[in-house]
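The values are calculated or read from the model by the stated rules, or taken from the named source; none is laboratory data. For clarity, every value in this text was computed on a predicted model and none was experimentally measured. Here the Cβ positions follow ideal geometry from the backbone for every residue, glycine too, while neighbour counts run over all protein chains shown.
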Amino acid sequence: MLRKALIVTTLLVPFSNVSAGAIDFRIGQDMAELTFFTQNSSFGYGGADIGIGVLFNEYNDVIANGSILVSGSSAGDVKALHFGVGAKIYGGDINGPDPSVDIQGGAVAIGGQIRYVFPGSTPFAILGEAFFAPEVTSISEFDRLLEYRLALELEVTPSARAYVGYRMMEVRFDTQGRNVNYEVDDSANIGVRFEF
């Protein structure tokens, strides 16, 4: 518990002086994730979201990440459709349900996001994103990492969104002479995102 509190406190420090950004908090049955975002308008047409976050689950697995996602509307007539491309860096410690497993590693992934905002008086959107790191960009004991998620978002106020979704995060590693595809997260979740 102390380790989790220290991680969250460490994440708060770099963002204490940020004037514009967002906090995203997501929980599932066996995991929780906290991410801070700041925006940088010097990237691309629509700017970029730069994020730093941490996930932990019931087995005390801890995966930290840093991300940059450049996004904007499509060039066509569908202005409700938003695309994003970017990269994500992961680093973490995996314990899993097996007490003999203690894996540390990281990965550099590329990926993208698509979001469609439905027109109407109650703004809601559907979002999908995926990131993949093959063996060549995986570090230390990680051999591969795959993350994807789907979410249905509802804008509660102009500065707050609530969502329900599903996320899969899978890490491949070698243990006791065999390849293991380990699911750090494979669950439905609910979350809130506050803009400030």
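Across segment 48-72, which residue is surrounded by the most Cβ atoms within 10 Å (Cβ to Cβ) among those that are charged (D, E, K, R) and closer than 14 Å to residue 185 by Cβ?
Going through the qualifying residues, I end up with 61.
Go through 59, 90 for me and flag whichever is closer than 16 Å to residue 169 by Cα, in a loop (DSSP other than H, G, I, E, B) and at pLDDT 90 or above.
59
Cβ-Cβ under 9 Å, sequence separation 6+ or interchain: first residue in segment 90-119 and within 30 Å of residue 48 (Cβ to Cβ), partner at pLDDT 95 or above and part of a loop (DSSP other than H, G, I, E, B). Which pairs?
So the pair list comes out as 107/134; 109/134.
Kindly indicate whether any position in segment 68-76 is touching a strand residue (DSSP E or B) at 6+ places or on another chain (Cβ under 8 Å), at pLDDT 95 or above, hydroxyl-bearing (Ser, Thr, Tyr) and assigned to a strand (DSSP E or B).
No; the residues of segment 68-76 include none that is touching a strand residue (DSSP E or B) at 6+ places or on another chain (Cβ under 8 Å), at pLDDT 95 or above, hydroxyl-bearing (Ser, Thr, Tyr) and assigned to a strand (DSSP E or B).
Being surrounded by fewer than 14 Cβ atoms within 10 Å (Cβ to Cβ), modelled with pLDDT of 95 or more and either closer than 17 Å to residue 66 by Cβ or hydrophobic (A, V, I, L, M, F, W, C) (or both) narrows it down to one residue among 164, 156, 108, 192; which is it?
Residue meeting the stated conditions: 164.
Restricting the first residue to segment 172-196 and requiring it to be in contact (Cβ under 8 Å) with a residue 24 or more places away in the chain and over 14 Å from residue 32 (Cβ atoms), which pairs with a second residue that is among the polar types (S, T, N, Q) and assigned to a strand (DSSP E or B) meet a Cβ separation below 6 Å and a spacing of at least six or different chains?
Pairs that qualify, where the first residue is in contact (Cβ under 8 Å) with a residue 24 or more places away in the chain and over 14 Å from residue 32 (Cβ atoms) and the partner is among the polar types (S, T, N, Q) and assigned to a strand (DSSP E or B), are 172/181.
Output the residues belonging to segment 93-105 that are in contact with a strand residue (DSSP E or B) (Cβ under 7 Å, 6 or more places away or on another chain) and modelled with pLDDT of 85 or more. Write out each step before concluding.
First, the residues of segment 93-105 that are in contact with a strand residue (DSSP E or B) (Cβ under 7 Å, 6 or more places away or on another chain): 93-94, 96, 101, 103-105.
Listed by number, the residues that qualify are 93, 94, 103, 104, 105.
When you scan segment 157-196, how many residues do you find that are aromatic (Phe, Trp, Tyr) and outside any strand (DSSP E or B)?
Here is the first cut: in segment 157-196, the residues aromatic (Phe, Trp, Tyr) are 163, 166, 173, 182, 194, 196.
With the extra rule that they be outside any strand (DSSP E or B), the set shrinks to 196.
The total comes to 1.
Just to verify a result, which residue in segment 167-189, among those that are among the β-branched types (Val, Ile, Thr) and farther than 17 Å from residue 29 by Cβ, is modelled with the lowest pLDDT?
Ranking the qualifying residues of segment 167-189, first place goes to 175.
In this structure, does residue 96 turn out to be more than 14 Å from the chain's Cα centre (by Cα), outside any strand (DSSP E or B) and under 28 Å from residue 154 (Cα atoms)? Walk me through it before giving the result.
Details: more than 14 Å from the chain's Cα centre (by Cα): yes; outside any strand (DSSP E or B): yes; under 28 Å from residue 154 (Cα atoms): no.
For residue 96, the condition - more than 14 Å from the chain's Cα centre (by Cα), outside any strand (DSSP E or B) and under 28 Å from residue 154 (Cα atoms) - is not met.
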